[in-house]
Structures are given as structure tokens and as C-alpha cells.
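Working notes for the structure below.
The values are calculated or read from the model by the stated rules, or taken from the named source; none is laboratory data. These numbers come from a predicted model, not from an experiment. All Cβ positions, glycine included, derive from the backbone under ideal geometry; neighbour counts span all protein chains shown. With ligands, DNA and RNA removed, areas are computed over all heavy atoms of the protein, side chains included. Shrake-Rupley method; radii C 1.70, N 1.55, O 1.52, S 1.80 Å.
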Amino acid sequence: MKKKKTLFLWITILLLFASILTPAITNSTAKADENVYDLILRNGTIMDGTGGSSYQADVGVKNGYIHKIGNLTEESGTEEVDVDGQIIAPGFIEVHSHANVNLLPVAKSSLTQGVTTEMLNPDGFGSADITDRLKLEEDGLAINIGAYLGFNAVWEEVVGEDDREPTEAEIEEMQNLVQKGMEDGAWGISSGLTYTPGAYAETEHIIEVVKAAEEWRTNFPSHIRNENNQVVEATAEIIEIGEQAGLVPVITHMKVMGPDNWGKSAETIGLIEDANARGTYAAADVYPYLASQTGITAIVPNWVEDGGRQAMLDRFNDPELRPLISEEIEELILSRGESADDVYFPERRLTLQEIADSQNVSPGEAVMRIIEEDGNVRTIYYFGDEEDFKRILQNPTTAIGSDGGVTDSASIHPRRYGTHPRVLGKYVREEGLIELEEAIFKMTGLPATMIGMTDRGLIKEGMVADITIFNPDTIIDHATFDEPKQYSEGIYQVYVNGELALEEGELTGAQAGKALKRSGNMPSRPAAFSKNADIDVDGKLLEVNPPRKGQKPVIEMSISQEAYGEATGTLFFEDKANGIKIESLQLGEVQTLDDNWASFTGIGAINNSEETKAFSIILEESDPLVSGDRATVTIEIEDEYEFKGFLVPNKIKMQISENN
């Protein structure tokens with residue numbers, strides 16, 4: 001009987017404790033639910049895109065943004081993924097994409113390489129109206145896209161295809177198109193000065209036209225005029241255009257073609273280094289192959305193409321000109337490679353020499369016959385020397401760019417399927433040419449700063465959650481020139497704007513990609529992650545356009561960041577008229593340009609509540625796109641709120657210093 005009473009007493013005590021503890025447990029669960037992340041990536045090795053050292057941490061994603069990095073053991077996510085042994089990197093940014101736009105809703109060839117964003121209209125191609133590209137979002141995108149404004153497209157629309165000088169009125173018309181392209185969100189002005197009609201433009205005329213974008217502080221990625229016998233002079237030309245026009249010169253798919261020119265990369269890289277030493281930021285991108293792909297007309301003299309295709313065919317049919325054209329074609333072949341055996345047609349799986357032998361004609365004659373019958377067919381040119389490639393890749397301002405983009409073709413350059421994994425597998429893991437952190441930087445943080453991005457390219461709080469997760473021990477390309485349609489392996493997962501797009505090499509069907517636009521306060525700039533930064537701002541904001549009546553937003557911030565370190569400090573912003581107040585909880589990365597421009601991201605508490613949102617800030621001490629070069633502040637809170645205003649008093653204190 002005594003045992004029963006004792007048992008009853010213990011049950012009563014336990015029930016009493018349970019009744020006391022239940023509210024506390026319920027409150028704890030409710031609090032956890034309020035703070036839940038959409039996704040937590042656990043136990044990964046983070047390579048954040050700055051080129052700094054890797055480290056172990058968890059990553060919490062919410063609303064498509066990175067909300068927290070660190071030990072999230074005590075926090076929960078709707079989805080949680082253990083990525084132990086994997087690298088967590090920013091989504092790779094492809095700065096040179098000739099994507100098949102019809103395949104952008106799927107984008108398997110790019111997602112299996114870890115690419116989350118591609119820049120369209122390289123080499124001067126595309127429409128003079130970039131809004132045509134941005135409309136692609138309406139059909140659904142598996143990855144993000146942006147677009148350059150093509151110089152060649154602008155020239156062709158105004159001047160046409162003839163080899164002639166533009167009139168003053170035509171120069172002005174082209175300048176207006178450049179201005180409109182910038183206003184519409186172009187990420188730079190691309191050119192292809194080896195391709196007609198861009199090839200007909202003189203240096204001074206190019207400068208006049210693209211100088212219209214000077215205030216936008218954008219970049220000028222260019223397929224240079226000549227990549228073989230005049231490669232040094234052609235590289236110097238692009239740097240001159242950039243310096244004179246106030247743009248960042250970028251030597252795109254940088255290379256040195258032809259055995260007579262091997263070794264000249266020492267001179268061309270030297271030109272880039274000299275430009276940077278005198279204060280002109282110059283850069284490049286490169287793909288990890290010693291063969292290029294373009295049309296067969298690349299080995300047709302420019303004078304033969306003058307006036308377009310029909311004019312070229314008419315010259316082919318001239319019995320006096322045909323032998324001369326054949327001879328000049330063969331000279332161009334030898335300026336690219338060692339012989340006609342180095343010119344390869346992937347769709348036919350034959351070299352130019354094999355085709356010429358089968359027809360019992362010279363290689364030059366065979367080229368004209370191919371063009372007459374099939375047009376400007378895809379052609380692979382084996383051109384290079386491994387030492388030149390290595391020197392270009394190791395240059396600190398060289399990004400990785402495939403010169404490829406989305407495809408599903410089985411007869412195309414293998415770079416379309418393998419560029420980024422090839423660098424990470426062959427040139428990092430197997431050959432040790434560069435360190436893994438540096439390679440990730442060349443695919444993320446570097447291309448982002450080259451083109452002006454401020455909210456992608458880094459694994460930092462407040463950044464958009466474009467994330468690539470890969471196995472550093474297995475990542476590799478499989479595509480070859482004979483069998484290019486072979487997807488790379490080693491990419492574990494890819495997230496685009498926070499949504500899972502690829503899982504263990506298979507598409508999820510998500511179409512979370514966006515058409516991205518660049519604004520005037522997103523300058524192309526050197527990556528400055530190795531510098532220290534201190535920023536102080538305090539004042540009211542007067543809306544730039546149109547001026548707002550009533551209460552003015554206020555902003556206070558004091559932020560510091562050491563090289564490759566974490567940002568510390570506080571941000572307070574309040575716009576009473578719109579019921580917005582945000583106070584920083586987590587700061588992301590401070591990015592700077594000299595002592596007059598800075599951006600940073602972070603996570604803040606909204607309106608004194610437990611609700612948190614990502615924010616980004618851009619500060620301009622002297623904004624070139626507003627009258628009076630006044631100080632401006634732009635704040636964006638996720639996709640819900642944006643404000644740009646003049647700072648009163650007109651002062652932003654920035655101090656940027658080298659890390660000693």
C-alpha cells in the first residue's frame with residue numbers, strides 16, 4: 001500500500017512539473033519557428049569568393065538571401081543539408097556567354113558546371129537594344145542572365161556593313177544608343193574588333209562612341225582586333241580605348257595564337273600590369289583550352305567581307321581575285337596554327353586539310369567552297385602554347401570565362417560543357433597551377449567586380465543566395481573535341497536565388513533565374529578584398545527623383561572591415577513616411593573603390609520586430625550621374641523597398657588603406 005502511495009506521489013509531482021514546463025517548451029518552439037531558415041547548409045567548407053582562406057561553417061538561407069554564416073547547431077531550417085567534405089562557393093559567374101537562349105529555361109550544361117549567372121551579347125554581338133535579352137525572363141530562366149551592349153551591333157545599326165568612316169551625325173546617334181543601353185541596364189560594352197563591321201571602326205571612332213558611357217564607369221570587354229601576329233598591338237589598342245574613354249579595358253578570351261607568336265603573353269600581360277600600375281584598371285578572362293571556336297570566316301580577309309555576304313561571294317566568283325583570296329586565307333591559317341590540320345570542323349569531324357585533300361584543292365580554295373555551300377560554319381582552331389595559357393591564368397586580374405554558355409549541341413567546343421570543372425580539376429587539383437581559393441575567386445568575386453555586381457559573387461550575409469556546392473576531390477570535365485556533349489561531374493548542388501536548381505548532377509526543374517540589370521552606381525572596379533575599410537555616415541536623405549515632401553529618411557552608420565575579415569559596426573536607417581526602419585544584426589562584405597565609393601550588405605531587424613531581412617547599401621561620395629556630383633546613398637531591402645537620396649550634410653567619410 002505504501003508503494004502505491006509513493007508511486008502516486010511521484011506521478012503527481014511529474015505532472016505538476018510538466019504543467020509548469022509546457023508553456024516554456026511551447027514558447028521555445030514558437031520562437032524557433034519564427035527564426036527558421038528556408039535552408040541550412042551544414043558542415044561545409046566555405047570559399048567565400050574573396051580569395052581569402054577557407055573555413056568551416058554552416059550557412060542559413062532565407063527569402064533567397066544568405067542570412068547567417070557560422071555555427072547554426074541550435075537553429076533549424078525547413079530544409080537542412082549536410083555538405084560535410086564539400087566546398088560551399090558562390091555561384092559561378094560566366095562573363096562571356098554565347099548561350100542558346102532557347103535553352104536558358106533548362107541550362108543543364110551550365111548548371112552542371114556550377115554556373116548561376118551568364119552575361120550575354122559578348123564580342124560586340126546581339127541587338128543594339130538590350131531589352132530584347134532581358135525579356136527572356138518572361139519565358140522562364142534556370143539561371144540568371146545579364147547582357148552587354150554590343151559595339152558591333154550599334155555600329156551596324158547606324159553605319160551598316162560597309163567599310164567607311166562614320167559621319168558626325170552617325171557618331172552622335174551611336175552615342176545615344178550607348179547611353180540608352182546603359183540606362184536599360186547593360187553590364188558593359190562588348191566589342192569584337194576582329195569581326196565586321198566592328199573591324200572597320202578606327203580606334204579614335206571607337207573611343208568617341210563608347211566615351212558616352214564614361215559616367216557609368218563600366219567595362220569594355222573586347223575580342224581584340226588580332227590575336228596572332230599583331231596580338232601585342234591589338235592588346236594595347238583596347239587598353240588605350242579604355243583609358244581614353246574612361247572604361248575598364250578587358251581582354252576577353254585572352255590568348256596568343258600561332259607558333260610564331262608563342263611567348264608573347266609576357267608582353268600582353270605586361271601591358272595589363274603596366275596599365276594597373278599607372279592607375280588604369282585593366283583585366284582579362286580566359287578559358288582552359290588551347291583551341292578556339294568561331295566561324296570559318298575568321299580566316300577570310302576583312303577586305304573580302306566588306307559589304308556583307310553577297311559582296312564576299314561576288315569576290316569569290318571573280319576569277320582574278322579568287323587565287324589572291326585563297327593565298328591570303330592560307331596566310332591567315334598559318335598565323336593561327338601550324339597548318340591546315342589545326343583547323344577542325346566538329347560537325348564533320350574532319351580537318352581542313354582532310355577536306356582539301358578529298359577535293360584535291362588547296363586549303364584556301366576549300367575554305368571558299370565551304371563558305372559558298374554551307375556559310376559561316378563552326379570551326380575549331382588549335383592555336384596555343386601551354387606556357388602562354390598558364391601565364392595568362394596566373395595573372396591576378398584574369399577571370400575564368402568559357403566563351404561558351406548554355407547549349408545542348410553534340411558538335412561544339414567542349415568549353416560549353418567543361419570550362420569551370422576543368423580549371424578546378426585539371427589545373428587546381430592535378431597540376432597545382434593555382435590554389436583552389438584563387439580559382440573560386442576568378443569564377444566569382446573577380447568577375448562580379450569586373451562587371452559591377454554588388455550583391456552576388458560572395459558567400460556573405462545579405463548577398464543573394466546563388467550557391468554552388470562541389471566535391472574538390474572529384475570535380476572534373478569530360479567533354480572532348482570529338483565528343484563534347486559530356487556533362488562535368490563533381491557539382492553536388494546548385495542554388496539559384498535560393499532555390500535548388502541542380503542536385504547531384506540532375507536538374508530539379510526550378511526556374512528561379514532572373515534578368516539582372518546594372519545601375520549607374522554599380523561601377524566596374526578592382527577587387528579590393530585585400531584592403532582595410534572604415535566608413536562613417538550620418539544625415540538625412542533627400543530623394544533624388546522626384547523630391548519627396550514631408551519627413552526625410554535618416555541614416556547612421558559606422559562600419560569597419562579588415563582585409564579578408566568580417567565587417568563590424570552598426571547601421572540604422574528609418575523612412576517614417578513609408579513605415580520602414582532597419583537596424584543591422586549581421587554585416588556582410590564591404591566593397592570599395594578608392595575613397596569615394598563603397599557598398600555593403602547585411603541582415604537587419606525590421607521595425608523593432610523579430611522579422612529580419614537582407615539589405616544592401618551603396619554609398620557615393622561624389623555621384624557622377626547626379627547634378628553637382630553630390631553624395632548619394634542607395635538602400636535596397638530585399639525586393640521590397642528601394643530608396644536613393646542625396647545625403648545632407650553632403651559628406652561621407654571613407655578611409656581605404658592597404659593591409660600591411
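Quick notes on this one:
- Whether segment 574-660 is rounded, prolate or oblate, judged on the alpha carbon gyration tensor where a/c under 1.5 counts as rounded: oblate
- Available extension along the chain between Glu387 and Asn659 is 94.8 nm, counting 0.36 nm per residue and deducting the alpha carbon span.
- Residues whose amide H falls under 5 Å from that of Leu516, counting only those 5 or more places apart or on a different chain, are Ile145, Gly146, with hydrogens built in the peptide plane.
- Local electrostatic count at Ser560 - Lys and Arg +1, Asp and Glu -1, tallied over other residues with Cβ under 14 Å: -3
- Ellipticity at 222 nm from helices only: DSSP H runs of n ≥ 4 in the chain, each -39500 (n - 2.57), divided by the residue count, give -8000 deg cm²/dmol.
- In the structure shown, the pairs Lys442/Lys651; Lys211/Lys460; Lys460/Lys613; Lys540/Lys613; Lys255/Lys442; Lys540/Lys653 are assessed against 25 Å; a Cα-Cα span above that value is assigned to Lys442/Lys651; Lys211/Lys460.
- Computed over the chain, relative contact order equals 15 percent, with contacts defined as Cα pairs under 8 Å that lie 6+ residues apart.
- Gap separating the Cα centres of segment 136-170 and segment 534-583, nearest whole Å: 38 Å
- You can think of it this way: the chain between Ser127 and Glu338 has 72.4 nm of extra reach, that is 0.36 nm per residue less the Cα-Cα gap.
- Phi-based couplings in Hz for segment 101-113 (Karplus 6.51, -1.76, 1.60; Gly and Pro marked x): 5, 5, 9, 4, x, 10, 6, 5, 5, 8, 4, 6, 9
- Maximal additional length on extending the Arg278-Glu373 stretch stands at 29.1 nm, based on 0.36 nm per residue less the C-alpha distance.
- Exceeding the 24 Å Cα-Cα cut-off - candidates Lys180/Lys552; Lys108/Lys426; Lys180/Lys581: Lys180/Lys552; Lys180/Lys581
- For Val248, distant residues with modelled amide H under 5 Å away: Thr218, Asn219, Phe220
- Cβ charges +1 (Lys, Arg) and -1 (Asp, Glu), total dipole of segment 267-350, debye: 340 debye
- Between Asp163 and Glu435, the simple spin-label model (points 7 angstrom out along Cα→Cβ) gives 5.0 nm.
- Pairwise centroid distance, computed over Cα atoms, of segment 433-512 with segment 585-610, Å: 25 Å
- Descending Cα extents along the principal axes, segment 320-423, whole Å: 50, 30, 20
- Three-way shape label, segment 488-529, alpha-carbon gyration tensor, a/c 1.5: oblate
- Prolate/oblate/rounded call for segment 129-252, Cα gyration tensor, a/c under 1.5 rounded: prolate
- Student exercise, segment 447-526 dipole from Lys, Arg, Asp, Glu Cβ charges, in Debye to nearest 20: 760 debye
- Antiparallel %, DSSP beta bridges [both residues in the chain], to 5: 75 percent
- Note on segment 447-531: dipole from Cβ charges, positive end direction compared against Asn521, Leu507, Ile451; the farthest Cα belongs to Asn521.
- Converting phi to 3J(HN,Hα) with the Karplus coefficients 6.51, -1.76 and 1.60 and the offset θ = phi - 60°, segment 511-520 yields 10, 8, x, 10, 8, 9, 10, 9, 10, x Hz in sequence order, with x at every glycine or proline.
- Only Lys, Arg (+1) and Asp, Glu (-1) charged, at Cβ; the chain dipole about Cα centre in debye: 3440 debye
- Volume of the Cα convex hull of the chain, divided per residue and given in Å³: 179 Å³
- DSSP bridge pairs, segment 52-173: antiparallel proportion in percent, nearest 5: 40 percent
- The Cα center of segment 302-330 and the Cα center of segment 366-427 differ in position by 27 Å.
- Residues whose amide H falls under 5 Å from that of Ala399, counting only those 5 or more places apart or on a different chain, are Ala284, Asp285, Val286, with hydrogens built in the peptide plane.
- FRET efficiency for the pair Asn578 and Glu214, taken as 1/(1 + (r/R0)^6) with r the Cβ-Cβ distance and R0 = 35 Å, rounds to 0.55.
- Accessible solvent surface per residue of segment 77-158, calculated while the other protein chains remain in place, 1.4 angstrom probe, Å²: 29 Å²
- Segment 512-660, accessible surface, carbon-and-sulfur percent (1.4 angstrom probe): 43 percent
- Hydrophobic long helices, here whole DSSP H runs in the chain with Kyte-Doolittle means of at least 0.0 and Cα atoms spread over 30 Å or more along the helix axis, are found at 2-34.
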